[in-house]
Amino acid sequence: MKHFQNSLLAVILIAISLNSCNTKETVTETRPNIILVMADDQGWGDMAYNGHPVLQTPNFDNLSASGLRFDHFYAAAPVCSPTRGSVMTGRHPNRFGCFSWGHTLRPQEITIAEALQSAGYVTGHFGKWHLGSVENGSPVSPGASGFDEWISSPNFFDNNPILSREGTAVQMHGESSMVTTEIALEFIRKYADLEQPFFAVVWFGSPHVPHIAAKGDSALYPGLEPHLQHFYGEISGMDHAMGKLRQELKDLGIRNNTLLWYCSDNGGLPKVGATGGRGHKSDIYEGGLRVPAIIEWPAKIPQPGVAGIPANTYDIYPTLLEVAGIQPANQPVLDGISLLPAMEQKEHQRSRPMGFWQYPVRGKITPAHKWMSDLLEAQKQGKAVSDSARLVLDAGDISVQYPTDSLPGHSAWIDWPWKLHRIQDESGEITMELYHLEQDSMEQNNLADLEAEKVQSMLPELEKWQESVVQSLNGRDYR
């Protein structure tokens, strides 16, 4: 009996010892640190690893060679704010009225930052926000949307930006992407050695117009027209910042179990950018939606690879929920799917089609530099900015009810490899286009007449999805 008791005691002591030694590893194995990095207006082709003949992106090239690369990754929308809203919610942005640039989140939405907070993550947002205000008192600031710490801009920003540190304007100095990375690294260093995992959103302001590269970055492209030197230089600036971020993760000893996810917010720019197909930013065609995307997570993705599954920015939210083991209560309908099986090489076909819809609503001007300069000057004078409209206090109002019997604008439905376009003009006339993306990535050969049965099978699915989106838009998901 005494021998049994001694043996049992030894087992207990060993278990306690192992638990005390490996608590951090046990926690972080199941709940990795998470970093989401996003470019502003970088097209699929604006990467050396995707064949660009001029761009120098050695850090992105290395990332693509060591992680899981997505060659058919889509922004949920062809412009910035809606796509960013899709990342935050896992939902198509029209569901919460974020139709175009300058539109906001709704406070009623569950964000990925709030969900991860509930699982014990410390959360931070750094860089471009463009989903609401960055002033105190707003219902759609980063702080009101689940971020514990934030240093953010209401829209894109250039070198030496003025950013909002949790409502206080702060003058920063340096190349814009490196500034964003450095402030994110302040946050990461603070929490790297703690058992509590962190969630960091790092959203660059480049390569959005106007293109003003740092001198050393534009100098990488001698002999080119100045506007191209600056455009390419801004992308090289992002590349340097990504190299700095990844090296710091190694130096801190947290690279292995940090999920680093990179993508862009919409397709490439006209005239200077290189897209992944027909059209460019603002188009529902491939050139406006297809973007570069890479996931690096050595603990889960030990070998580099190329994902065989098409994916979307609204897949980020459900993927991170599964990664962190979270099931939010009262979760509104999601459009995205978890990509964790794709990371584990267990899934090579998408389980659900992808819907896109450019509703004919104009964007809202958000002049970040002016607004942040105003805030900085007001602070110096001990005053508050008097324009309360900048707080977007009505962001949660649902005063307009949209019809479900009219579905205006340009929508599309990708049931791989088929892509159906439904284009409804102002008069209500509808035009259909159908493309086989594996055979025609440039969407040049409209097969709608030849493949009428395919159109008739896909169109009801698209319109049913659109009706669901309108019901969400009208507030059904919050009742």
> Can you give me the relative contact order of the chain as a percent, contacts being Cα pairs under 8 Å and 6 or more apart?
Replying inline: 22 percent
> Sequence-distant or interchain residues sharing an amide H contact under 5 Å with Gly277, placed H: which?
Replying inline: Gly287
>> Only four residue types carry charge here, +1 at the Cβ of Lys and Arg and -1 at the Cβ of Asp and Glu. Report the dipole size of the stretch 118-237 about the Cα centre in Debye, rounded to the nearest 20.
In response: 100 debye
> What dipole magnitude, in Debye to the nearest 20, does the stretch 379-479 give about its Cα centre under +1 on Lys/Arg Cβ and -1 on Asp/Glu Cβ?
Replying inline: 880 debye
> If you plug each phi of the stretch 295-303 into the Karplus form 6.51 cos²θ - 1.76 cosθ + 1.60 with θ = phi - 60°, what whole-Hz ³J(HN,Hα) values come out, in order, with x for Gly and Pro?
Replying inline: 10, 10, 7, x, 5, 10, 10, x, 10
> What is the extension gain from Ser399 to Gln303, computed as 0.36 nm multiplied by their sequence separation minus the C-alpha to C-alpha distance, in nm to one decimal?
Replying inline: 29.5 nm
>> With every protein chain kept in place and ligands, DNA and RNA left out, what is the accessible area per residue of the chain? Probe 1.4 Å, answer in Å².
In response: 41 Å²
> Taking H as built 1.01 Å from N, whose amide H comes closer than 5 Å to the amide H of Gly90, not counting residues under 5 places away?
Replying inline: Tyr317
> Given labels modelled 7 Å from the Cα in the Cβ direction, how far is it in nm from Thr168 to Ser351?
Replying inline: 4.6 nm
> Only one of the listed values, (i) 15; (ii) 25; (iii) 11, was derived from the coordinates as percent of Cα pairs over 43 Å apart; which label is it?
Replying inline: (i)
> In whole angstrom, how far apart do the alpha carbon centroids of the stretch 148-187 and the stretch 422-479 sit?
Replying inline: 40 Å
> Of the listed peptides 333-344, 380-391, 195-206, what is their order by residue-averaged count of other C-beta atoms within 10 Å, with the highest listed first?
Replying inline: 195-206, 333-344, 380-391
> How much length is gained if the chain between Asn330 and Asn160 is pulled fully straight, taking 0.36 nm per residue apart and subtracting their Cα-Cα distance, in nm to one decimal?
Replying inline: 57.0 nm
>> Considering only C-alpha atoms, what is the centroid distance from the stretch 99-125 to the stretch 316-377, in Å?
In response: 10 Å
> Structure shown: which of Lys190/Lys250; Lys215/Lys244; Lys250/Lys300; Lys128/Lys383; Lys128/Lys419; Lys128/Lys281 lie over 20 Å apart, alpha-carbon to alpha-carbon?
Replying inline: Lys128/Lys383; Lys128/Lys419
>> Give me a comma-separated list of calculated 3J(HN,Hα) values for the stretch 311-318, in order, Karplus coefficients 6.51, -1.76, 1.60 applied at θ = phi - 60°, integers in Hz, x for any Gly or Pro.
In response: 9, 9, 4, 7, 7, 4, 4, x
> Which order, highest average first, do 366-372, 418-424, 290-296 follow once you tally other Cβ atoms within 10 Å for each residue and take the mean per peptide?
Replying inline: 290-296, 418-424, 366-372
> HN-Hα J couplings of the stretch 428-442 from phi, Karplus 6.51/-1.76/1.60, θ = phi - 60°, integer Hz, Gly and Pro as x?
Replying inline: x, 6, 10, 10, 10, 9, 9, 10, 9, 5, 5, 9, 8, 5, 8
>> How big is the dipole moment of the stretch 346-402 about its Cα centre under a simple scheme where the beta carbon of each Lys and Arg is +1, that of each Asp and Glu is -1, and everything else is neutral? Debye, nearest 20, please.
In response: 280 debye
>> Give me the one-decimal nm value for the distance between modelled label points at Glu322 and Ser406, 7 Å along each residue's Cα-to-Cβ direction.
In response: 4.0 nm
>> Sorting check: for 352-363, 443-454, 177-188, which peptide has the highest mean count of neighbouring beta carbons within 10 Å, and how do the rest follow?
In response: 177-188, 352-363, 443-454
> Which percent, nearest 5, of DSSP beta bridges in the chain are antiparallel?
Replying inline: 55 percent
> Tally Lys/Arg at +1 and Asp/Glu at -1 over every other residue whose Cβ is under 10 Å from the Cβ of Ser411; what's the total?
Replying inline: 0
> Rounded to a whole number, what % of the accessible area of the chain do carbon and sulfur atoms account for, probe 1.4 Å?
Replying inline: 51 percent
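The values are calculated or read from the model by the stated rules, or taken from the named source; none is laboratory data. Please read these numbers as outputs of a predicted model, since none were measured by experiment. A quick note on method: Cβ atoms are made from the backbone with ideal geometry, for glycine too, and the neighbour counts reach across all protein chains shown. Side chains included, ligands, DNA and RNA excluded: accessible areas come from the protein's heavy atoms. Shrake-Rupley method; radii C 1.70, N 1.55, O 1.52, S 1.80 Å.
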